[in-house]
């Protein structure tokens, strides 16, 4: 373990963590990260961790609950709802890109400290799929509902059909262009990253996680990625920690990505080490010549956290009592 940690420390100094100070997201620019010398980050007290730059705004909503002693589960739901409501976001919520039939379908999952979980997939015309996923967890005997069944359940629980016409104009224009080109848009990057995932720990050390997405741009109708699949896009075990994923869902599902990271933590790996271990495995199994992006964020039951990706460009946001920052994650490959 010593040799691996030494390697990670050197990697972080060379190309790994970067952070930015708290200000409006559009004004932020990367600056050197403030991390412990050994690279093994830890937060004392409540905090939340989320994927990508839009996680900054999501974290603010989550932190408003955590800072007042709120539950981690409530915090992650409130946080990702901010991103779901952002119609300028092309990868989450009803502002997302449509599938090849022109339909915007949404996937989401939520999980708590006790292992309770709920999910929806291929859900249409509902503003907040994450809240429907929570209702599946709390008000049904099931873990996942899909398609028309998920929509009917949402209506039965008091959700209303959205008044937003989808796809939104900007997404519709891009969709028409993709139709003309007859090509899939599969690159997972800052514009097409296929999710927001959030993890939180509250003052009672309870953990919660949420993951929500509109899925891969121009996907085949009916395609479901990792985000609503417990163990792939999200996994929590109160004895160990919590993990969520982002990136190409097919690659994450094939590796049972989030549960694999958690099991590495169970064996004693720090969350940072666990993320990189599973990313290396995915890269090895799927072929290093493929340009796929997969990323994880993870926390353990003691408040350590970590993040990593296959390709550069993955950002994750952290908020605690003293921090509100965006980090550039350690990555395995250069483009």
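The values are calculated or read from the model by the stated rules, or taken from the named source; none is laboratory data. Computed from a predicted structure; not experimentally measured. Backbone-built Cβ (ideal geometry, glycine too); neighbour counts: all protein chains shown.
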Subject >> Subset tally (residues that are buried (at least 19 other Cβ atoms within 10 Å of the Cβ), touching a helix residue (DSSP H, G or I) at 6+ places or on another chain (Cβ under 8 Å) and touching a residue at least 40 places away in the same chain (Cβ under 8 Å)) for segment 238-257 >> reply: 8
**OP:** Kindly indicate which of 321, 273, 325, 291 is more than 28 Å from residue 114 (Cα to Cα) and in contact with a strand residue (DSSP E or B) (Cβ under 9 Å, 6 or more places away or on another chain).
**Re:** 325
**OP:** Scan segment 39-62 and report the pairs whose first residue is within 11 Å of residue 304 (Cβ to Cβ) and whose second residue is assigned to a strand (DSSP E or B) and at pLDDT below 95, with Cβ atoms within less than 9 Å and a gap of 6+ or a chain change.
**Re:** none
Original post:
Which of the residues that make up segment 105-148 are within 23 Å of residue 95 (Cα to Cα), surrounded by fewer than 22 Cβ atoms within 10 Å (Cβ to Cβ) and more than 19 Å from the chain's Cα centre (by Cα)?
Top reply: 124, 125, 135, 146, 147, 148
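Do you know which residues across segment 306-333 are in a loop (DSSP other than H, G, I, E, B) and either on the phi < 0 side of the Ramachandran plot or without any contact (Cβ under 8 Å) to a residue 40 or more places away in the chain (or both)? Full working, then the answer.
Looking only at segment 306-333, we keep the residues that are in a loop (DSSP other than H, G, I, E, B), and these are 310-314, 321-323, 329, 332-333.
Result: 310, 311, 312, 314, 321, 322, 323, 329, 332, 333.
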Original post:
Given the conditions (1) free of Cβ contacts under 8 Å to residues at least 24 places away in the same chain; (2) surrounded by fewer than 24 Cβ atoms within 10 Å (Cβ to Cβ), and given that residue 278 satisfies all but one, which numbered condition is not satisfied?
Top reply: (2)
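Does residue 184 meet the test of being surrounded by fewer than 16 Cβ atoms within 10 Å (Cβ to Cβ) and either modelled with pLDDT under 95 or touching a strand residue (DSSP E or B) at 6+ places or on another chain (Cβ under 9 Å) (or both)? So that I can check it myself, show each step before the final result.
Working: surrounded by fewer than 16 Cβ atoms within 10 Å (Cβ to Cβ): yes; either modelled with pLDDT under 95 or touching a strand residue (DSSP E or B) at 6+ places or on another chain (Cβ under 9 Å) (or both): yes.
For residue 184, the condition - surrounded by fewer than 16 Cβ atoms within 10 Å (Cβ to Cβ) and either modelled with pLDDT under 95 or touching a strand residue (DSSP E or B) at 6+ places or on another chain (Cβ under 9 Å) (or both) - is met.
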